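So the structure is just underneath, and the comments pick up after that.
What follows is calculated from the coordinates using simple rules that are stated; it is not laboratory data. These figures come from a predicted structure and were not determined experimentally. With ideal geometry, Cβ positions are generated from the backbone for all residues, glycine too; neighbour counts draw on all protein chains shown.
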Amino acid sequence: MRNLLYILLTTCLLVSCSSNNDSTVNTSIIGRWNFGYSTPYQVESNNVYANQTIDSHIRNRGPEYISFIFTVGGKIRVIRDIDREEIDGTYTIEGNKLTINYTDLDNVSKTLVYEFVVHDNIFVLKRDDTDFYAREIPYLLPEIRDVLVTKVLVEVTYIRDLGANVN
């Protein structure tokens with residue numbers, strides 16, 4: 001009986017004292033984030049073929065923004081897919097809303113607003129691409145007329161660049 005009590009006490013002590021330092025989750029946006037992939041999570045139109053085409057287009061097209069580099073103090077560098085142009089701007093976070101402001105190389109002010117989540121080395125932006133696909137669907141599907149795109153919601157996943165030195 002004494003041995004059983006000793007075993008139980010030792011087991012409880014080991015379980016309660018074990019540390020799991022690996023369970024710390026980094027939710028900081030600070031750092032460099034590189035494009036991973038895009039996933040549509042809601043595509044709606046009045047045409048099933050259009051829905052499939054939009055879904056495929058989202059999964060296969062490259063990103064508009066290759067990388068984001070967030071620094072302390074609300075500064076950001078946006079690296080676009082077009083000619084790998086690097087543009088400096090600012091960002092603010094309010095709850096789960098990320099707002100990015102910058103002026104592109106054509107001197108046009110841009111404001112991007114996303115829902116977002118950061119979990120360790122994954123950064124997911126949620127955006128509404130409805131207007132974009134409503135304009136683009138005639139070019140993607142010229143053989144189909146009168147397609148009405150009503151909703152296109154996309155998640156864009158970025159991966160933290162652990163080797164980046166961000167100040």
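Near Asn47, within a Cβ-to-Cβ distance under 13 Å, what is the net charge of the other residues, with Lys and Arg +1 and Asp and Glu -1?
Numbers: positive: Arg145; negative: Glu44, Asp55, Glu143, Asp146.
My count for the surroundings of Asn47 gives -3.
Could you give each residue of the range 93-108 its phi-based ³J(HN,Hα) in whole Hz, using Karplus coefficients 6.51, -1.76, 1.60 with θ = phi - 60°, and x for Gly or Pro?
Per residue, the Karplus-derived 3J(HN,Hα) values read 10, 9, x, 9, 9, 10, 10, 10, 10, 7, 10, 6, 5, 8, 6, 9 Hz.
On full extension of the chain, what length is gained from Glu86 through Lys110, given 0.36 nm per residue of separation minus the C-alpha to C-alpha distance?
Numbers: separation 24, 0.36 × 24 = 8.64 nm, distance 1.39 nm.
Here the segment from Glu86 to Lys110 would lengthen by 7.2 nm.
Answer rounded, prolate or oblate for the range 104-146, using the Cα gyration tensor with square roots of eigenvalues a ≥ b ≥ c: rounded when a/c is under 1.5, else prolate when a/b is larger than b/c, else oblate.
Numbers: a/c = 3.26, a/b = 1.57, b/c = 2.08.
The shape class here is oblate.
Provide the gained length on full extension for the span Arg77 to Thr103, in nm with one decimal, where the gain is 0.36 nm per separating residue minus the Cα-Cα distance. Intermediate values should be presented prior to the final figure.
Details: separation 26, 0.36 × 26 = 9.36 nm, distance 1.11 nm.
Here the answer is 8.2 nm.
Expected output is a single nm value to one decimal: the length gained when fully extending between Lys151 and Glu44, i.e. 0.36 nm times separation in residues minus the C-alpha distance. What is it? Intermediate results must be reported in sequence, preceding the final value.
Details: separation 107, 0.36 × 107 = 38.52 nm, distance 0.50 nm.
Extra length available between Lys151 and Glu44 comes to 38.0 nm.
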